[in-house]
Amino acid sequence: MAVAGILLIVAVIIAIDVPPLLRKKFKKELWIFSILLLFGTVLSIAQALNIKIPNPIDWITAIYKPLSDMLEKLLK
């Protein structure tokens, strides 16, 4: 039910925002709009289906943790 609601809202957003972009021939803006809307839609549906979405902070921590450990050893 939640997925249907999300898709309905996405359809309304497309119906409101896409026609002016097409009329003005804003191709780049339409591509960016489409990519961001698709990304947001996928994340919203995943959250509605209780799929675990990784936190970006976990990725940053995984990247910088070895550097942090190395600096800590150097400064002891």
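The values are calculated or read from the model by the stated rules, or taken from the named source; none is laboratory data. Since the structure is predicted, the reported quantities are computational estimates derived from the model, not experimental observations. Positions of Cβ are backbone-derived with ideal geometry, glycine not excepted, and every protein chain shown enters the neighbour counts. Just so you know, the surface numbers come from the protein's heavy atoms only, side chains and all, with ligands and any DNA or RNA stripped out. Shrake-Rupley method; radii C 1.70, N 1.55, O 1.52, S 1.80 Å.
Per residue, how large is the accessible surface of the chain? Use a 1.4 angstrom probe and give square angstrom.
Computed with neighbouring chains in place, this is 89 Å² per residue.
Between E29 and M70, what is the spin-label point distance in nm, taking each point 7 Å from the Cα along the Cα→C-beta axis?
In this crude label model, E29 to M70 measures out at 4.5 nm.
Report, ordered by chain and residue number, the lysines lying within cross-link reach of K73, taken as a straight Cα distance under 18 Å and ignoring same-chain residues fewer than 8 apart.
List returned: K65.
Suppose only helical runs count, i.e. DSSP H with n ≥ 4. What mean residue ellipticity at 222 nm does that imply for the chain under -39500 (n - 2.57) per run, divided by all residues and rounded to the nearest 500 deg cm²/dmol?
-29500 deg cm²/dmol
Roughly how many nanometres apart are two label points built 7 Å out from the Cα toward the Cβ at A62 and V3?
The two pseudo-label positions are separated by 2.6 nm.
Through the Karplus equation 6.51 cos²θ - 1.76 cosθ + 1.60, θ set to phi - 60°, convert the phi angles of region 32-47 into ³J(HN,Hα) values in whole Hz; use x for Gly and Pro.
Taking θ as phi minus 60°, the curve returns 4, 4, 5, 5, 5, 5, 5, 4, x, 5, 4, 5, 5, 5, 4, 5 Hz for region 32-47.
Once both axes come from the Cα atoms, what is the angle between helix 56-75 and the longest principal axis of the chain, in degrees from 0 to 90, rounded to 10?
20
Between beta-carbons, use under 15 Å as the cut-off and find the net charge around F33, counting Lys and Arg +1, Asp and Glu -1.
+3
If you roll a 1.4 Å probe over the chain with all protein chains in place, what percent of the accessible area is carbon or sulfur?
Summing carbon and sulfur atoms, their accessible area is 74 percent of the total for the chain.
Treating the angle as unsigned and between 0 and 90°, give the value, to the nearest 10°, between the Cα long axis of helix 2-23 and the longest Cα principal axis of the chain.
For helix 2-23, the angle is close to 70 degrees.
Given (i) 5.8; (ii) 7.8; (iii) 7.5, which label gives mean projected area of the Cα convex hull in nm² as computed from the coordinates?
Matching entry in (i) 5.8; (ii) 7.8; (iii) 7.5: (ii).
PRE reach from N50 (point 7 Å along Cα→Cβ): which of region 1-43 fall under 15 Å by backbone N?
Only 1-3 pass the distance filter.
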